[in-house]
1. Checking the structure you have, find out if any residue of segment 99-106 is under 21 Å from residue 19 (Cα atoms) and at pLDDT below 90.
2. Taking the conditions exactly as written (touching a helix residue (DSSP H, G or I) at 6+ places or on another chain (Cβ under 6 Å) and either assigned to a loop (DSSP other than H, G, I, E, B) or surrounded by fewer than 20 Cβ atoms within 10 Å (Cβ to Cβ) (or both)), does residue 26 satisfy them or not?
3. Which one of 160, 87, 97, 110 is more than 19 Å from the chain's Cα centre (by Cα) and of a type in the set (A, V, I, L, M, F, W, C)?
4. Looking at segment 30-65, which of its residues are farther than 16 Å from residue 90 by Cα, assigned to a loop (DSSP other than H, G, I, E, B) and open to solvent by less than 40 Å² (accessible area, probe 1.4 Å)?
5. Tell me which residues, restricted to segment 146-174, are touching a Ser or Thr at 6+ places or on another chain (Cβ under 9 Å) and either at pLDDT 90 or above or not hydroxyl-bearing (Ser, Thr, Tyr) (or both).
6. Of the conditions (1) out of contact with any strand residue (DSSP E or B) (no Cβ under 8 Å at 6 or more places or on another chain); (2) modelled with pLDDT of 85 or more; (3) within 20 Å of residue 89 (Cα to Cα), residue 13 fails just one. Which one is it?
7. Could you tell me which residue of segment 3-54 is farthest from the chain's Cα centre (by Cα), considering only residues that are within 27 Å of residue 110 (Cβ to Cβ) and free of Cβ contacts under 8 Å to residues at least 24 places away in the same chain?
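The values are calculated or read from the model by the stated rules, or taken from the named source; none is laboratory data. The model shown is predicted, which means the values in this text are computed figures rather than measured ones. Note: ideal-geometry Cβ built from the backbone for every residue, glycine included; neighbour counts use all protein chains shown. These accessible areas exclude ligands, DNA and RNA; they are computed on the full protein's heavy atoms, side chains included. Shrake-Rupley method; radii C 1.70, N 1.55, O 1.52, S 1.80 Å.
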Amino acid sequence: MKLVWTREDDVRGGYYRPMHLHRIEIGVRADGMPSAWRHVIVGQSILAGTPFAASMKDNLDHTTVEGVADTPYAIPNFHVSAHNPKVNVPVLWWRSVGHTHSAFVMETLVDELAARAHMDPFAYRRKLLKPEARKLRAALDLLEAKSAVWRRRLPKNHAVGISCHEIVRDRRGLRRRCLNRE
């Protein structure tokens with residue numbers, strides 16, 4: 001037997017994904033590189049009020065800031081804060097947690113900074129990456145090499161954006177991602 005919920009039953013019976021709002025203020029040097037980054041994230045906690053709340057430190061839901069607080073970029077004067085309002089909506093994670101919203105925000109802004117600096121997005125990221133981000137840099141190099149041909153032959157009114165994001169899964173290892181977004 002297989003149970004398939006209608007959309008109405010699914011919405012009434014399941015959990016929602018929490019909404020998040022990001023506000024970022026970036027100071028930029030004359031060479032186009034960031035001189036300061038202030039990142040505020042507002043969103044309902046997934047952990048508060050559940051058995052997982054025990055993993056919260058200083059009343060902070062680390063899932064709200066993951067992917068931002070542990071960025072592989074060497075950004076001076078980097079500050080991240082989170083606010084978790086209490087809302088009467090049941091939330092839980094869907095496949096991933098903070099990385100789903102934080103990767104998009106961080107990488108979109110890095111692309112915008114590269115464009116503002118009139119730099120190639122690959123070169124900009126290489127310059128911004130921390131020295132210890134060797135594996136992420138290698139993934140970025142591979143992405144650039146493998147996509148070079150088709151990136152130069154885009155149809156009219158098409159563009160390419162790239163992103164590099166590191167997802168820490170557990171203590172046994174890291175999973176790294178570099179993606180092209182067209």
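1. The answer is yes; a qualifying residue exists.
2. no
3. Sole residue among the options that is more than 19 Å from the chain's Cα centre (by Cα) and of a type in the set (A, V, I, L, M, F, W, C): 87.
4. 32, 33, 56, listed by residue number.
5. Those that are touching a Ser or Thr at 6+ places or on another chain (Cβ under 9 Å) and either at pLDDT 90 or above or not hydroxyl-bearing (Ser, Thr, Tyr) (or both): 160, 161, 162, 165, 166, 167.
6. Result: residue 13 fails condition (2) only.
7. 30
Yes/no matrix, rows are residues, columns are (1) out of contact with any Lys or Arg (no Cβ under 8 Å at 6 or more places or on another chain); (2) part of a helix (DSSP H, G or I); (3) of a type outside the set (A, V, I, L, M):
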site: 69; (1), (2), (3): yes, no, no
site: 75; (1), (2), (3): yes, no, no
site: 80; (1), (2), (3): yes, no, no
site: 89; (1), (2), (3): yes, no, no
site: 102; (1), (2), (3): yes, yes, yes
site: 109; (1), (2), (3): yes, yes, no
site: 115; (1), (2), (3): yes, yes, no
site: 124; (1), (2), (3): yes, yes, yes
site: 131; (1), (2), (3): yes, no, yes
